[in-house]
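A.B. asks: The structure follows.
The values are calculated or read from the model by the stated rules, or taken from the named source; none is laboratory data. This is a predicted model, so every value here is computed, not measured. Cβ atoms come from the backbone with ideal geometry, glycine included; neighbour counts cover every protein chain shown. Surface accessibility is based on the protein's heavy atoms, side chains included, excluding ligands, DNA and RNA. Shrake-Rupley method; radii C 1.70, N 1.55, O 1.52, S 1.80 Å.
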Amino acid sequence: MPAKDGNMKKRIEYVYGGMELFVETVPLRLKLLAYHAKLSRHFASYYAPARIAGTKPMLRECARRGRLHIGVARHLPTHQPVGFCISTVNAENVGEIFALFVDDKFKNMGIGRKLSSVAIAWLRSQKPEHLEIHMLYENTRVQAFYARLGFYPQTMVLREAKLGRAP
């Protein structure tokens, strides 16, 4: 059931569900992947548009187990998606905000905070071992946002940058 937050200029409708909302996230996920590809010095090819199709089976499996939650923020006059949050609980019972994005034209309206707050509440209701957010190392502008939600760096994973190159 949609919930509405009022703003005279940009009214937003929030819709929550599962895999049935996946298709609405795709245009925004493409923007997110392009943003990550632009930021990443060593792994830009990892964020190719094909990654969306590559993650779909994992998301379907989470949905099959009842461990997938998707929130979409729509601009009410146009009904176009302007933000989304995908949350999962994996087979090891770890909850994760898998992807969160708000279109630049709709930033600073509380959309990311609303989507992530609902996602975190849903994740906690699943009683996971713990919650995680994996983020691109170079995406420093979101670290303060996640800190306000109670997420802080614990470890850093270093990965060999040999994508697209012969050893």
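A.B. asks: For the subset of the range 48-64 comprising residues that are over 21 Å from PRO128 (Cβ atoms) and in contact (Cβ under 8 Å) with a residue 24 or more places away in the chain, which member is surrounded by the most Cβ atoms within 10 Å (Cβ to Cβ)?
C.D. replies: Per the criteria, the residue is ILE52.
A.B. asks: Just wondering, is there one or more residues in the range 92-105 that are in a loop (DSSP other than H, G, I, E, B), open to solvent by less than 60 Å² (accessible area, probe 1.4 Å) and in contact (Cβ under 8 Å) with a residue 60 or more places away in the chain?
C.D. replies: Step one: list which residues in the range 92-105 are in a loop (DSSP other than H, G, I, E, B), which gives 92-94, 103.
Then drop every residue that is not open to solvent by less than 60 Å² (accessible area, probe 1.4 Å), which leaves 93-94, 103.
Now restrict to residues that are in contact (Cβ under 8 Å) with a residue 60 or more places away in the chain: 103.
Among the residues of the range 92-105, at least one is in a loop (DSSP other than H, G, I, E, B), open to solvent by less than 60 Å² (accessible area, probe 1.4 Å) and in contact (Cβ under 8 Å) with a residue 60 or more places away in the chain, which makes the answer yes.
A.B. asks: For residues that are assigned to a loop (DSSP other than H, G, I, E, B) and within 15 Å of the chain's Cα centre (by Cα), scanning just the range 122-144, find the one that is surrounded by the fewest Cβ atoms within 10 Å (Cβ to Cβ).
C.D. replies: HIS134
A.B. asks: Quick check: is even one residue across the range 138-161 closer than 21 Å to LEU30 by Cβ and of a type in the set (Ser, Thr, Tyr)?
C.D. replies: Checked the range 138-161: no residue is closer than 21 Å to LEU30 by Cβ and of a type in the set (Ser, Thr, Tyr).
A.B. asks: Does GLY83 qualify as being farther than 15 Å from LYS31 by Cα, under 12 Å from the mean Cα position of the chain (by Cα) and either at pLDDT below 95 or open to solvent by less than 10 Å² (accessible area, probe 1.4 Å) (or both)?
C.D. replies: no
A.B. asks: While we're looking at this one, here's another question. Tally the residues that are over 17 Å from CYS62 (Cα atoms) and surrounded by 13 or more Cβ atoms within 10 Å (Cβ to Cβ), restricting the search to the range 106-121.
C.D. replies: 11
A.B. asks: Take the range 118-136 and flag every residue that is within 19 Å of VAL102 (Cα to Cα) and in contact (Cβ under 8 Å) with a residue 40 or more places away in the chain.
C.D. replies: VAL118, ALA119, LEU136
A.B. asks: Name the residues in the range 70-80 that are of a type outside the set (Gly, Ala, Ser) and surrounded by 19 or more Cβ atoms within 10 Å (Cβ to Cβ), would you?
C.D. replies: Answer for the range 70-80, where residues must be of a type outside the set (Gly, Ala, Ser) and surrounded by 19 or more Cβ atoms within 10 Å (Cβ to Cβ): ILE70, VAL72, ARG74.
A.B. asks: So, one more: Among the residues of the range 56-71, is there at least one that is more than 16 Å from the chain's Cα centre (by Cα), over 30 Å from ALA161 (Cβ atoms) and in a helix (DSSP H, G or I)?
C.D. replies: Yes, the range 56-71 contains a residue that is more than 16 Å from the chain's Cα centre (by Cα), over 30 Å from ALA161 (Cβ atoms) and in a helix (DSSP H, G or I).
A.B. asks: Hey, can you tell me all the residues within the range 44-55 that are assigned to a helix (DSSP H, G or I) and closer than 25 Å to LYS107 by Cα?
C.D. replies: ALA44, TYR47, ARG51, ILE52
A.B. asks: Looking at the structure I just gave you, is PHE106 within 10 Å of the chain's Cα centre (by Cα) and of a type in the set (Phe, Trp, Tyr)?
C.D. replies: no
A.B. asks: Then there is this: In the set ALA119, ALA147, which member is outside any strand (DSSP E or B) and farther than 19 Å from VAL23 by Cα?
C.D. replies: Going through ALA119, ALA147 in turn, just one is outside any strand (DSSP E or B) and farther than 19 Å from VAL23 by Cα: ALA147.
A.B. asks: So, one more: Can you pull out the residues in the range 11-38 that are touching a helix residue (DSSP H, G or I) at 6+ places or on another chain (Cβ under 8 Å) and either among the aliphatic types (A, V, I, L, M) or part of a helix (DSSP H, G or I) (or both)?
C.D. replies: Result: ILE12, VAL15, MET19, PHE22, VAL26, ARG29, LEU30, LEU33, ALA34, HIS36, ALA37, LYS38.
A.B. asks: Tell me, please, whether a residue that is within 24 Å of GLY66 (Cα to Cα), modelled with pLDDT under 95 and either open to solvent by 50 Å² or more (accessible area, probe 1.4 Å) or not aromatic (Phe, Trp, Tyr) (or both) can be found in the range 34-46. If you could, list the steps in order and put the result at the bottom.
C.D. replies: Our first condition is that a residue be within 24 Å of GLY66 (Cα to Cα); within the range 34-46, this holds for none.
No, the range 34-46 has no match at all.
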